[in-house]
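The values are calculated or read from the model by the stated rules, or taken from the named source; none is laboratory data. The structure displayed is predicted, hence computed values, not measured ones. Cβ atoms come from the backbone with ideal geometry, glycine included; neighbour counts cover every protein chain shown.
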Amino acid sequence: MGNAITSKPPAVSTAVANAASASFAGLTARLDYLSAGDVEQVRMAYRFADQAHLGQMRNNGEPYITHPIAVALQCTEWKLDAQALMAALLHDAMEDCGVTKVELIERFGSPVAELVDGLTKLDKLQFNTREENQAESFRKMLLAMARDVRVILIKLADRSHNMRTLSDMPKSKWNRIASETLDIYAPIAHRLGLNSTYRELQDLSFKHLKPWRYAILSKAVAKARSRRRDLIQKVQKEVEAVFAAADMPVRIAGREKTLYSIFSKMQSKHLSFAQVTDIYGLRVLVPTVIDCYKALGILHQLYKPVPGKFKDHIAIAKVNRYQSLHTTLVGPAGINVEFQMRTEAMHLVAESGVAAHWLYKASHPNDLSADRTGNQWLQSLLDIQDETRDAAEFWDHVKVDLFPDAVYVFTPKTQILALPRGATVVDFAYAIHSNVGDRTIAARINGEQVPLRTELKNGDVVEVVTAQVSSPNPNWLDFVRTGRARSKIRHHLKTMEQTESESLGERLLQQALRSEGFEFLPETDPTYTPTWDKLLRFTGNKTRLELLTDIGLGKRIANIVAKRLVLLLSEAGHKPDALLLTRERFTAHESGTSGAITLDGSESASVQFAQCCRPIPGDKILGYLGRGEGLVVHQHDCPVARKLKAKDAERFIGVDWAEDPVRSFKTGVTVTCSNGKGMLARMATALAAAEADIIDIDMGQEGGQEARELRFLVAVRDTAHLEVALRNLRRAQSVLKAVRSGSANNGSGNET
């Protein structure tokens with residue numbers, strides 16, 4: 001976590017040791033808000049850390065212990081408690097000094113050890129790539145942070161000190177560390193409302209990523225500051241005078257835009273430095289919320305407001321709890337000046353965010369309302385983790401929610417929800433509750449019906465319509481914006497796929513066992529436990545359900561598993577049924593489909609219908625157990641299936657259609673027709689008359705030719721329904737030929 005350390009020298013001079021010890025005095029002076037007992041606990045942690053890091057030096061030649069002390073000093077600015085300060089002092093002990101978590105628990109207690117563990121990188125684990133290592137580190141840190149926000153406050157203090165001393169590091173490391181800070185730590189600081197830390201991390205990252213531009217912009221701002229100093233002082237005096245005349249106590253402070261935010265504005269809006277008009281502003285701190293609005297009125301009487309530049313973040317706070325009134329006024333000499341009106345309490349939250357909880361508690365120790373500081377985003381991290389076990393995927397979800405911009409929308413009961421910009425109706429539904437999201441079927445925005453992929457705008461009133469039988473659609477993943485919605489949808493789809501694959505695997509193994517003379521799968525009672533244990537050792541699965549799921553996904557061949565199971569059953573004294581064995585083999589020889597899996601269209605994740613031949617009820621079919629794909633159904637004479645059969649014959653199983661399929665199936669139709677006006681409308685009418693739904697149309701590129709070929713993807717019930725649709729098409733004006741496409745029997749029996 002700290003900057004790189006050099007190896008320990010053979011001996012450490014007394015002067016260096018004394019310098020390290022003396023540096024603790026500065027920290028002691030900042031602990032006046034703690035009890036004497038707590039201060040002693042912090043001192044013990046310091047002594048332990050000092051001993052653990054003895055002989056380690058930072059790149060600038062200072063003793064390494066100066067880094068943990070600097071981190072703890074930053075934490076005292078937020079008035080963090082003794083446990084957090086102890087963890088700050090010990091935060092590198094596990095990683096760099098070989099101290100174990102057990103040792104920390106014994107010496108300082110479990111809470112401190114948990115904090116340190118949450119901060120420790122996973123250097124001892126082996127990952128395939130640096131990115132994977134980084135993702136797993138952040139996942140661990142963020143989850144620890146969700147359980148205890150002090151973890152991220154210490155981590156941000158640690159990163160702030162490392163960025164302040166980054167110039168001591170080799171230049172080869174600047175880009176990686178600064179980019180990581182700008183992309184990850186600064187957004188986390190912003191999301192948690194730590195405005196001072198956020199601004200500092202951005203500027204320090206900018207300084208090391210683009211040192212030349214930073215230097216030029218720094219000089220330009222310094223010149224502008226000296227040019228506009230008199231102007232800003234004049235504005236401040238006029239503002240102070242007008243508030244004094246109104247007999248309103250205020251505290252006025254200057255505010256300067258950071259170099260990075262100036263650079264970002266120039267880049268995003270293609271502006272020159274001279275065109276950035278809001279570099280300087282004034283902050284007006286008043287006693288009460290009502291005074292904020294009074295101050296706004298007074299300022300609007302003094303200077304003219306710039307239209308469209310007023311924002312009320314008090315009535316509708318930002319996601320990170322930031323509250324202020326913003327207005328831009330035309331000051332003397334036509335210079336725009338931004339004003340921010342807020343109370344002292346709002347200012348505390350604006351600058352320190354979640355850390356304001358401890359700052360407030362330190363000055364109001366008996367006020368229980370300090371616990372009201374909400375951290376909904378932190379709690380949502382735990383929800384996302386429940387559905388996402390892959391570290392990279394988890395971090396992918398979280399990065400979305402670090403997006404600083406937000407839209408504010410209303411429920412029908414006028415509750416305000418803040419969502420990332422670009423969020424859709426589905427994101428809104430999952431923000432209310434996962435059950436609402438899972439069962440969403442329609443939505444209305446401001447009373448009008450809208451598609452579920454509709455992006456939300458500020459002030460929208462959103463109403464979601466749900467149905468008990470509905471479930472998440474995989475296509476939602478193409479447009480949802482929030483990590484919560486994405487993780488919930490993926491989790492539901494994975495669960496559904498696993499359940500269906502397990503059911504399919506059970507049917508396949510049951511079918512394979514019947515061919516070996518056993519009517520039913522062995523039960524899970526103690527009688528068959530040794531048999532199942534031996535079978536699982538043979539297949540390498542942990543549980544019976546995992547084995548059945550693997551069979552359903554095609555990762556295990558049912559026939560091979562069945563033969564092994566029969567052998568184990570025989571060893572346990574169970575014999576096959578000779579009559580069943582004879583009947584199965586006889587009927588299999590006669591029909592080739594005995595014991596076949598029947599399909600009615602209700603299968604979803606575990607069964608796929610091959611796009612090469614698009615089988616529909618009425619076609620002769622066979623099933624292929626792809627590796628990890630589940631069951632793929634082909635037409636019996638499909639060329640692709642024939643090639644697969646030549647390679648993997650044991651992966652093919654008998655499948656058949658159920659008597660009454662429960663849905664329609666997609667198939668292709670190719671139509672050759674004369675080019676002319678209204679041809680598409682006539683064909684659509686013909687298909688509608690046959691009650692065949694059009695899913696997709698490919699009109700090709702031959703627009704100027706006399707005859708052209710159109711390819712339709714249509715939904716039909718079975719081959720008889722398809723024949724009716726083809727017959728209607730052939731009767732349509734301008735149609736020269738209509739055949740089924742993507743079929744093993746292309747053209748056969750389809751033309752008259």
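Output the number of residues of the range 679-702 satisfying the condition of being over 9 Å from Asn728 (Cβ atoms) and in contact with a His (Cβ under 8 Å, 6 or more places away or on another chain).
Residues flagged as over 9 Å from Asn728 (Cβ atoms) and in contact with a His (Cβ under 8 Å, 6 or more places away or on another chain) within the range 679-702 amount to 1.
So which of Ser501, Ser487 is under 30 Å from Asp427 (Cβ atoms) and in contact with a His (Cβ under 7 Å, 6 or more places away or on another chain)?
Testing whether each residue is under 30 Å from Asp427 (Cβ atoms) and in contact with a His (Cβ under 7 Å, 6 or more places away or on another chain) leaves just Ser487.
Could we say that Pro307 is more than 17 Å from Val284 (Cβ to Cβ), in contact (Cβ under 8 Å) with a residue 12 or more places away in the chain and surrounded by fewer than 15 Cβ atoms within 10 Å (Cβ to Cβ) here?
So Pro307 does not fit the description; no.
When you scan the range 160-178, how many residues do you find that are assigned to a helix (DSSP H, G or I) and either aromatic (Phe, Trp, Tyr) or within 12 Å of Leu204 (Cβ to Cβ) (or both)?
10
Looking at this structure, is Ile279 aliphatic (A, V, I, L, M), at pLDDT below 90, touching a Leu at 6+ places or on another chain (Cβ under 7 Å) and surrounded by 13 or more Cβ atoms within 10 Å (Cβ to Cβ)?
Here the answer is no, as Ile279 does not meet what is asked.
Among (1) surrounded by fewer than 19 Cβ atoms within 10 Å (Cβ to Cβ); (2) assigned to a loop (DSSP other than H, G, I, E, B), which single condition is Lys294 missing?
(2)
Taking the range 467-486 as the search range and keeping residues that are within 17 Å of Arg439 (Cβ to Cβ) and crowded, with 17+ Cβ neighbours inside 10 Å, which one is farthest from the chain's Cα centre (by Cα)?
The qualifying residue farthest from the chain's Cα centre (by Cα) is Pro472.
Without any contact (Cβ under 8 Å) to a residue 40 or more places away in the chain, touching a strand residue (DSSP E or B) at 6+ places or on another chain (Cβ under 7 Å), of a type outside the set (Val, Ile, Thr) and outside any helix (DSSP H, G or I), is that true of Gly281?
It is false that Gly281 is without any contact (Cβ under 8 Å) to a residue 40 or more places away in the chain, touching a strand residue (DSSP E or B) at 6+ places or on another chain (Cβ under 7 Å), of a type outside the set (Val, Ile, Thr) and outside any helix (DSSP H, G or I).
Residue pairs, Cβ under 9 Å, 6 or more apart or interchain, first in the range 516-542 and under 12 Å from Leu569 (Cα atoms), second among the acidic types (Asp, Glu). List them.
Final answer for the pair search is Glu516/Glu584; Gly517/Asp577; Gly517/Glu584; Phe518/Asp577; Leu521/Glu506; Thr531/Glu571; Lys534/Glu571.
Take the residues in the range 527-538 that are closer than 14 Å to Val566 by Cα and among the hydroxyl-bearing types (Ser, Thr, Tyr), then tell me which one is surrounded by the most Cβ atoms within 10 Å (Cβ to Cβ).
Selected residue: Tyr528.
Collect the residues in the range 161-181 that are hydrophobic (A, V, I, L, M, F, W, C) and in contact (Cβ under 8 Å) with a residue 60 or more places away in the chain, keeping them in residue-number order.
The answer is Leu166, Met169.
Mind listing whichever residues of the range 59-92 are in contact with a Ser or Thr (Cβ under 7 Å, 6 or more places away or on another chain) and farther than 26 Å from Ala36 by Cα?
If the condition is that a residue be in contact with a Ser or Thr (Cβ under 7 Å, 6 or more places away or on another chain) and farther than 26 Å from Ala36 by Cα, then Asn60 is the only one that fits.
Which one is modelled with the lowest pLDDT among residues in the range 582-639 that are within 12 Å of Val655 (Cα to Cα) and of a type in the set (Asp, Glu)?
Asp600
Results for (1) at pLDDT 85 or above; (2) outside any loop (DSSP other than H, G, I, E, B); (3) assigned by TED's automatic domain parsing to the domain that holds His313; (4) farther than 29 Å from Leu553 by Cα, shown as yes or no for each residue.
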| residue | (1), (2), (3), (4) |
| --- | --- |
| Val400 | no, yes, no, yes |
| Pro404 | no, no, no, yes |
| Tyr408 | no, yes, no, yes |
| Leu417 | no, yes, no, yes |
| Tyr430 | yes, yes, no, yes |
| Gly437 | yes, yes, no, no |
| Leu452 | yes, no, no, yes |
| Asn458 | no, no, no, yes |
| Val480 | yes, no, no, no |
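What pairs can you find where one residue is in the range 652-674 and touching a residue at least 12 places away in the same chain (Cβ under 8 Å) and surrounded by 15 or more Cβ atoms within 10 Å (Cβ to Cβ), the other is outside any strand (DSSP E or B) and acidic (Asp, Glu), and their Cβ atoms are less than 7 Å apart, with a gap of 6+ or different chains?
Here the result reads Pro661/Asp600, each pair linking the range 652-674 to a residue that is outside any strand (DSSP E or B) and acidic (Asp, Glu).
Kindly indicate whether His300 is in the same structural domain as Gly281 (by TED's automatic domain parsing), modelled with pLDDT under 90 and assigned to a helix (DSSP H, G or I).
Answer is no for this residue.
Taking the options Ser205, Ser261, name whichever one is crowded, with 16+ Cβ neighbours inside 10 Å and not assigned by TED's automatic domain parsing to the domain that holds Gln340.
Ser205
For a quick check of your reading of the model, give me the residue pairs whose first member lies in the range 427-455 and is without any contact (Cβ under 8 Å) to a residue 40 or more places away in the chain, whose second is basic (Lys, Arg) and surrounded by fewer than 15 Cβ atoms within 10 Å (Cβ to Cβ), with beta-carbon atoms closer than 9 Å and at least 6 apart or on different chains.
From the range 427-455, the pairs are Ile445/Lys457; Glu455/Arg421.
So, Met44, is that one closer than 14 Å to Leu104 by Cα and over 32 Å from the mean Cα position of the chain (by Cα) or not?
yes
Identify, by number, the condition in (1) in a helix (DSSP H, G or I); (2) modelled with pLDDT under 80; (3) not aliphatic (A, V, I, L, M) that Asn128 doesn't meet.
Unmet condition: (1).
Quickly run through the range 322-336 and pick out the residues that are in contact (Cβ under 8 Å) with a residue 40 or more places away in the chain and surrounded by fewer than 18 Cβ atoms within 10 Å (Cβ to Cβ).
The answer is Pro332, Ala333, Ile335, Asn336.
Would you confirm whether or not the range 233-245 contains a residue that is charged (D, E, K, R), without any contact (Cβ under 8 Å) to a residue 24 or more places away in the chain and either farther than 19 Å from Gln340 by Cα or not in a helix (DSSP H, G or I) (or both)?
Taking every residue of the range 233-245 in turn, none turns out to be charged (D, E, K, R), without any contact (Cβ under 8 Å) to a residue 24 or more places away in the chain and either farther than 19 Å from Gln340 by Cα or not in a helix (DSSP H, G or I) (or both).
Picking from Val250, Val319, which residue would you name as being modelled with pLDDT of 85 or more and either surrounded by 15 or more Cβ atoms within 10 Å (Cβ to Cβ) or in contact with a Leu (Cβ under 6 Å, 6 or more places away or on another chain) (or both)?
Val250
Collect the residues in the range 686-728 that are part of a helix (DSSP H, G or I) and either charged (D, E, K, R) or more than 23 Å from Lys620 (Cβ to Cβ) (or both), keeping them in residue-number order.
Residues satisfying the conditions are Ala686, Leu687, Ala688, Ala689, Glu723, Arg727, Asn728.
Can you report the number of residues in the range 539-548 which are in a helix (DSSP H, G or I) and either modelled with pLDDT under 80 or surrounded by fewer than 24 Cβ atoms within 10 Å (Cβ to Cβ) (or both)?
Count: 4.
Consider Ala688 carefully, then state whether it is among the small types (Gly, Ala, Ser) and surrounded by 12 or more Cβ atoms within 10 Å (Cβ to Cβ).
yes
Of all residues being free of Cβ contacts under 8 Å to residues at least 24 places away in the same chain and either of a type in the set (S, T, N, Q) or not in a helix (DSSP H, G or I) (or both) in the range 36-61, which is farthest from Asp168 (Cα to Cα)? Just the residue, please.
Step by step, filter the range 36-61, then rank; the result is Gln51.
Please verify whether the range 461-477 includes one or more residues that are under 23 Å from His313 (Cα atoms) and aromatic (Phe, Trp, Tyr).
Checking the range 461-477: not a single residue is under 23 Å from His313 (Cα atoms) and aromatic (Phe, Trp, Tyr).
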